[in-house]
Amino acid sequence: MEILILGAGVIGLSSAYYLRRAGHHVTVVDRNAAVAHETSYGNGGQLSYSYVAPLAGPGVLSKLPGWLCRGDSPVRFRPSASLDQWRWCAEFVRACTQAQSDRTTRQLLALSFLSRTLMHQMVRDEPSLDFNYVRSGKLVLHRDAHAFDAATALLEFQRTLGCEQQAFDANACVKLEPSLEHLRDRLAGGIYTESEDTADCYRFCRSLEALLVERGVQFRLRTNIDALHRTADGRVVAQSGGKPLAADCIVLAAGAASPRLLKPLGIRAPIYPLKGYSLTIPTRATSIAPRLSVTDFSRKIVYARLGDRLRVAGMADLTGYSLTPDPRRLATLRKETAEMFPHAGDHSAAVEWTGLRPTTPRGTPILGPTPYPNLWLNVGHGALGFTLATGSAQLLADWIDGRDGQIDRGTFALHG
Ligand SMILES: Cc1cc2nc3c(=O)[nH]c(=O)nc-3n(C[C@H](O)[C@H](O)[C@H](O)COP(=O)(O)OP(=O)(O)OC[C@H]3O[C@@H](n4cnc5c(N)ncnc54)[C@H](O)[C@@H]3O)c2cc1C
């Protein structure tokens, strides 16, 4: 089949990889001059297979008032006149039950474990991919003793879900990650997960692009999709510059822009952008920077070493589609980083970035068919797009070819 993939972020490129492997003729279209120039560019670099619990959970509603009032809180909300924003918030609140949160976590773990297997396979099979991939392991740090006790109490339950984790006191954390030495007295402890990886998502995308070009995938960059139209025979055609783009099948992977393209087709995708921030700090040979992936639990900030850089990411602003950074958010991220890893590198040379996480209220992506026989969705991966990219793409390729795939087709279905 001739397959058109709309969007050259990590989701579109991973889709292209598995669809090309399945023997299809694939063309990837993107409005930017280069691949991965939107949300897949500067993300946290976490391949976070065991930490997939959604933001929507029973504990969140009581924390929200505090978060929303404090300027330096991890989550921020600015009400707007947008009906989509209010509808998203209402669905988010409805998803904040224990039962829904548990269901979402199980669904996401199934997808993340599949993604981990596929990522390991891809790294093995494709030696040309060069993207600072490290099986780093992750240490989630707790400063608050109650929060650490609660996390420790969950370990047994986590094991039943397939996540092997260990609780370490402050001394053991420092032994594992010596760059935390100066925090020894302020740490309650940490949860260590050996099976987590880190990598540079942008470099992954660039490497994958090169590999796909070698394998005959066509790229049409600087090509804006103006609209998706329904044809008289009930199919969908993608329109660019007033002209239709020929294809037997279309995969929409346009990240946060996807709902706007779907709306005229009568499809409501409950995806809203959650703006996040990152800093990329150049390290030096003498730097005291973490080797492990580190998460500061209370601040919801992640730290990943990407070769000779330290990537720091966090914050979630429900403030619309603008990418304009809020200087106060960046100042908070800089301050936290300077406290956490003061000698990690040249903080003054940190590169600042913002991106829009394409987030669904429940936290699950939308994968699979639409009411239109030739239109498929691979969208809404929120804070986990890099982590879930391989599994989502492989499942979609299976389903497009009529194979069952390793996860039930209804799990991530539109309106599922
Ligand atoms: C601060 C931050 C930290 C994060 N950290 C992590 C992390 O550590 N681990 C993790 O797994 N995930 C993380 N994420 C989430 C992850 O980055 C996203 O889920 C992922 O990048 C989404 O990929 P995508 O391909 O769907 O979207 P995008 O990367 O945005 O790609 C969509 C593409 O579609 C194109 N497009 C859109 N509309 C059109 C149009 N009309 N015509 C043509 N082209 C179009 C865009 O140009 C873009 O290239 C983070 C996100 C943020 C913001």
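Here are some notes:
- Residue check: T360 meets all listed conditions (1) touching a residue at least 60 places away in the same chain (Cβ under 8 Å); (2) surrounded by fewer than 20 Cβ atoms within 10 Å (Cβ to Cβ) but one, namely (2).
- Segment 287-302 - residue that is β-branched (V, I, T) and not in a loop (DSSP other than H, G, I, E, B) and, of those, farthest from the ligand (Cβ to nearest atom): V294
- Qualifying residue in segment 101-119 (condition: assigned to a helix (DSSP H, G or I), surrounded by 15 or more Cβ atoms within 10 Å (Cβ to Cβ), among the aromatic types (F, W, Y) and at pLDDT below 95): no
- Just one residue in the set A34, A8, A16 is near the ligand (Cβ under 6 Å from one of its atoms) and of a type outside the set (F, W, Y); that residue is A8.
- Contacts under 6 angstrom Cβ, first residue in segment 118-144 being closer than 14 Å to A389 by Cβ, partner among the charged types (D, E, K, R) and modelled with pLDDT of 95 or more, 6 or more apart: F131/D200; F131/R203
- Segment 357-406, residues that are within 11 Å of the ligand (Cβ to nearest atom), touching a Phe, Trp or Tyr at 6+ places or on another chain (Cβ under 7 Å) and of a type in the set (A, V, I, L, M): I366, A393
- Residue list for segment 334-369, restricted to those being out of contact with any Lys or Arg (no Cβ under 9 Å at 6 or more places or on another chain), aliphatic (A, V, I, L, M) and in a helix (DSSP H, G or I): A338, A349
- If only residues of segment 1-37 that are part of a loop (DSSP other than H, G, I, E, B) and among the aliphatic types (A, V, I, L, M) are counted, the one that is farthest from the chain's Cα centre (by Cα) is M1.
- Annotation note: Cβ proximity below 8 Å between a residue of segment 6-34 that is in contact (Cβ under 8 Å) with a residue 24 or more places away in the chain and a residue that is among the aromatic types (F, W, Y) and within 6 Å of the ligand (Cβ to nearest atom) (sequence gap 6+ or interchain) occurs for V10/F386.
- Residue check for S298: in contact (Cβ under 8 Å) with a residue 24 or more places away in the chain, under 22 Å from G382 (Cα atoms) and surrounded by 17 or more Cβ atoms within 10 Å (Cβ to Cβ): no
- Odd one out for T97, checked against (1) surrounded by 15 or more Cβ atoms within 10 Å (Cβ to Cβ); (2) more than 24 Å from A397 (Cα to Cα): (1)
- Filtered residue count, segment 242-286, keeping only those that are over 20 Å from N378 (Cβ atoms) and either away from the ligand (no atom under 11 Å from the Cβ) or of a type in the set (F, W, Y) (or both): 12
- Helices (runs of 4 or more DSSP H) fully within segment 133-205 that include at least 3 residues being modelled with pLDDT of 95 or more: 145-153, 170-176.
- The residue that is farthest from H343 (Cα to Cα), among those in segment 206-225 that are in a loop (DSSP other than H, G, I, E, B) and within 12 Å of the ligand (Cβ to nearest atom), is I225.
- Count of residues meeting criterion [surrounded by fewer than 18 Cβ atoms within 10 Å (Cβ to Cβ) and within 20 Å of R116 (Cβ to Cβ)] in segment 181-210: 2
- Of all residues in segment 303-353 being among the β-branched types (V, I, T) and under 25 Å from L55 (Cα atoms), the one that is nearest to the ligand (Cβ to nearest atom): V312
- L55 meets the stated requirement of being under 15 Å from the mean Cα position of the chain (by Cα) and either within 16 Å of the ligand (Cβ to nearest atom) or exposed (fewer than 14 other Cβ atoms within 10 Å of the Cβ) (or both).
- Subset of segment 240-254 [within 28 Å of the chain's Cα centre (by Cα) and farther than 22 Å from I366 by Cβ]: S240
The values are calculated or read from the model by the stated rules, or taken from the named source; none is laboratory data. All of these numbers come straight from a predicted model, not from anything done at the bench. All Cβ positions, even for glycine, are placed from backbone atoms using ideal geometry, and neighbour counts span all protein chains on display.
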